[in-house]
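A quick write-up on the structure given underneath.
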Amino acid sequence: MLDKNGIAKRIAKEVKDGYYVNLGIGIPTLVANFVRNDIEVEFQSENGVLGMGPFPFEGEEDADIINAGKQTITTLPGASFFDSATSFGMIRGQHVDLTILGAMEVAENGDIANWKIPGKMVKGMGGAMDLVASAENIIVAMMHTNKAGQSKLLKKCTLPLTGVGCVKKIVSNMAVLEVRDNAFHLLERAPGVSVEEIKKATEGKLIVEGTIPEMVL
Amino acid sequence: MIKKTVSGVQEALNGVQDGMTFMLGGFGLCGIPENAISELVRLGITDITCISNNAGVDDFGLGLLLQQHQIKKMISSYVGENDEFERQMLSGELEVELTPQGTLAEKCRAAQAGFPAFYTPAGYGTEVANGKETREFNGKMYVLEEAFKADFAFVKAWKGDEAGNLIFKGTARNFNPCMCGAAKITVAEVEELLPAGSLDPNEIHIPGIFVQRIFQGQHYEKRIEQRTVRQKN
């Protein structure tokens, strides 16, 4: 079973040389820590920066330079700033190569819910609806089950949707799965997790073909 | 040169009234028009509709207007940092229209550029698309979204000149340029107001034609919401 850093580490292997990547808040933000340093990647933050760098050293924070999580950041050589309409032009216009975001639920048809729990949490969708509606390459970082052990990979989402039929790949704490043809296709197991355990933790249709390898991290 | 300078925040906000719709630039607390917000608090006008990506925090930004119950309706994409906001929303005192962030930006830009509406894929198949026209283009579904209509846009820039030309800094740019010229009157407050000719025309982000009033802002606090740092080793 992977922890949050483990999920981020596995997702980092999906980041290829020359990619522009948008990272969501939470586990996706951790992915930047694990990207190979022999490839060139630029991170986009939808509040208006491309070429995001690490957090600033203490005393060097600038209130005017933050990421979408409102955290103080730095920029790397080659970085640029732009307005919000231009930023979402990059996203809607499919100029961003890879979008990594979290989810509360994903359905076997690729629907995703991650912005609202009626009666409990109504903070808003931020840029998530724009990202999932436009990105061609979306990876969802999530826990396979909730705290009560119930599956979050479902036949049908129960929460209000963020987007329809858009998720193609999931990296959970238990597995890597591809979402296509109205089913979750098991690609890899997390270290120490059996196919049986993944079956038990997946409510939606799960396709298991051949021997499923363990992830290489 | 057409001069846009006004003496200060009081003159800049001349004409604001109860029940009006305002656009306010900023992302979180970054790049918010601090002076305009303070003046709106001082004026005490009520029943206002605010178009702003976020709603500030409890004791800063738009949170100050919420505390005084001056806001009737918020149009935002994310409002998670404000307890008073949540309380007013759940009790029904405050009307909230949550809008995808890219759509919010484009509804501003459309108003600025004279488009009545546009199609976007964001929100298709979700509750955001309820009651809106949808249409297929090249095999993909889109939602028709209308341009905003607002009485005033309050924006914050880094540098500006007497002609109303603006330059923004870092990610404090965000929604500010999109809102310039998107309301009947655009009010720009700047950290540094310069004589015409001081800014290189090649480096202007927003031409003065989109700005009606500009003033030298005072006492910027520029509060940081999430101070994240790394250690030197």
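The values are calculated or read from the model by the stated rules, or taken from the named source; none is laboratory data. In this text the structure is predicted, and so the values were computed from the model without any measurement. Because the Cβ atoms are built from the backbone with ideal geometry, glycine has one as well, and the counts that use them run over all protein chains shown. When the accessible area is computed, the model is the full protein with side chains, heavy atoms only, and any ligands, DNA or RNA have been set aside. Shrake-Rupley method; radii C 1.70, N 1.55, O 1.52, S 1.80 Å.
Some observations on this one:
- The phi-based Karplus calculation (6.51 cos²θ - 1.76 cosθ + 1.60; θ = phi - 60°) puts the 3J(HN,Hα) values of region B:158-168 at 7, 10, x, 10, 4, 7, x, 5, 10, 10, 9 Hz, whole numbers, x for Gly and Pro.
- Shielding of peptide B:220-231 by partners, expressed as the average count of other chain Cβ atoms within 10 Å per residue Cβ, is 6.
- Note on region B:98-233: with charges restricted to the Cβ of Lys and Arg (+1) and Asp and Glu (-1), its dipole about the Cα centre is near 440 debye.
- Sequence-distant residues sharing a close amide H with B:K169 (under 5 Å, placed H): B:W158
- With helices as the sole contributors, chain B gives -5000 deg cm²/dmol at 222 nm; each DSSP H run of n ≥ 4 counts as -39500 (n - 2.57), and the sum is divided by every residue.
- Each 5 Å bin from 0 upward holds the following percent of the Cα-Cα pairs of region A:1-133: 2, 9, 18, 22, 22, 15, 8, 3, 1, 0.
- Taken over region B:30-184, the ratio of Cα radius of gyration to 2.2 N^0.38 Å equals 1.10.
- Whole-number percent relative contact order across region A:143-207, with pairs defined as alpha carbons under 8 Å at least 6 apart: 35 percent
- Once you reduce region B:100-167 and region B:169-211 to the center of their Cα atoms, the two points are 19 Å from each other.
- Backbone phi angles across region B:128-143, fed through the Karplus curve with coefficients 6.51, -1.76 and 1.60 (θ = phi - 60°), yield HN-Hα couplings of 5, 8, 4, x, 9, 5, 10, 7, 9, 10, 6, x, 10, 8, 10, 10 Hz in residue order; Gly and Pro are listed as x.
- One equal scatterer on each Cα of region B:55-126, no solvent, Debye formula: the resulting log10 I(q)/I(0) at q = 0.17, 0.18, 0.22 Å⁻¹ is -0.71, -0.77, -0.95.
- Taking the 1.4 Å solvent-accessible surface of region B:21-142 as the whole, the part contributed by carbon and sulfur is 45%.
- Shape category assigned to region B:95-142 from the gyration tensor of Cα positions, a/c cut at 1.5: oblate
- Accessible surface ranking that places the most exposed of A:V132, A:V164, B:V9 first, with a 1.4 angstrom probe: A:V164, B:V9, A:V132
- Shape of region B:22-84, Cα gyration tensor, a/c cut at 1.5: rounded
- Legend: P(r) of region A:118-171 from all alpha carbon pair distances, 5 Å bins from 0, whole percents, reading 4, 15, 23, 28, 22, 8, 1.
- Averaged over the residues of peptide B:70-81, the number of Cβ atoms from other protein chains lying within 10 Å of each residue's Cβ is 3.
- Per residue, the convex hull around the alpha carbon atoms of region B:125-193 comes to 142 Å³.
- For chain A, leaving out every one of the GluC sites (Glu not before Pro) that falls in a DSSP loop and has at most 13 other Cβ atoms within 10 Å, the longest unbroken run is A:61-135.
- When only the Cβ of Lys, Arg, Asp and Glu is charged (+1, +1, -1, -1), the dipole of chain B relative to its Cα centre reaches about 600 debye.
- The alpha carbon centroids of region A:159-217 and region A:9-86 are separated by 27 Å.
- In order through region A:72-77: 3J(HN,Hα) via Karplus (6.51 cos²θ - 1.76 cosθ + 1.60), integer Hz, x for Gly, Pro: 5, 9, 10, 10, 9, x
- Kirkwood radius and radius of gyration were both taken over the C-alpha atoms of the protein assembly as shown, and their ratio Rg/Rh is 0.99.
- For chain B, the longest site-free run once GluC sites (Glu not before Pro) in DSSP loop states with at most 15 other Cβ atoms within 10 Å are removed: B:1-92
- Assigned charges on the beta-carbon of Lys, Arg, Asp, Glu; region B:1-119 dipole about Cα centre (debye): 600 debye
- Where both bridge residues fall in region A:1-82, DSSP classifies roughly 65% of the beta bridges as antiparallel.
- Taking amide H as placed 1.01 Å from N in the peptide plane, B:I206 has its amide H under 5 Å from the amide H of B:L166, each at least 5 places away in sequence or on another chain.
- Between chain B and chain A, roughly 4200 Å² of accessible surface gets buried, counting both sides and using a 1.4 Å probe.
- Inter-probe distance in nm under a simple model that places probes 7 Å from Cα toward Cβ, at A:E197 and B:M1: 7.0 nm
- Annotation: amide H of A:L154 within the under-5 Å range of A:V106, A:A107, A:E108, A:G204, sequence separation 5 or more or interchain, hydrogens built in the peptide plane.
- For region A:1-70, the convex hull spanned by the alpha carbon atoms encloses 97 Å³ per residue.
- Global form of region B:1-119, assessed from the alpha-carbon gyration tensor, a/c cut-off 1.5: oblate
- Accessible solvent surface per residue of region A:7-65, calculated while the other protein chains remain in place, 1.4 angstrom probe, Å²: 45 Å²
- Threshold 50 Å², region A:40-54 residues less accessible with all protein chains present than alone (1.4 Å probe): A:N47
- Cα pair distances of region A:88-217 binned at 10 Å [whole percent]: 13, 44, 31, 11, 0
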